[in-house]
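We did not get these values from a lab; they are worked out from the coordinates using the rules stated. Treat the numbers as computed from the prediction; the structure is a model and nothing was measured. Glycine gets a Cβ as well: all are built from the backbone with ideal geometry, and neighbour counts include every protein chain shown.
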Amino acid sequence: MRIHARKLRERLGFSQDTVAHALGVAGSTIHRFETGERDLSSGLLEDLADFYSKELHITVDIRELNRAATAEEAQELGLR
């Protein structure tokens, strides 16, 4: 799970400090969690899941808007 948390964070373009700030913890807490040096409390795990869930929804919404705009532009140009 730790590797997945790091990959998800990186995929979303967040630094450890950004995630830490959103959760109200030190950046070193996120680092130690991602490297397996520390476990997070169940409350922090829930907060992390909520944070990533919201960010994933925003990312998906933006991608869908971009696709819709691209499809609309293609249609306007007679490409679809």
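3J(HN,Hα) along region 31-39: 4, 5, 5, 5, 9, x, 7, 8, 9 Hz, from the Karplus curve 6.51 cos²θ - 1.76 cosθ + 1.60 with θ = phi - 60°, whole Hz, x for Gly and Pro.
Note on GLU46 and SER15: their simple-model spin labels are 3.0 nm apart, each label 7 Å out from Cα toward Cβ. Between the amide H of ARG38 and those of PHE33, distances stay under 5 Å, these residues lying 5 or more places away or on another chain, with hydrogens modeled in the peptide plane.
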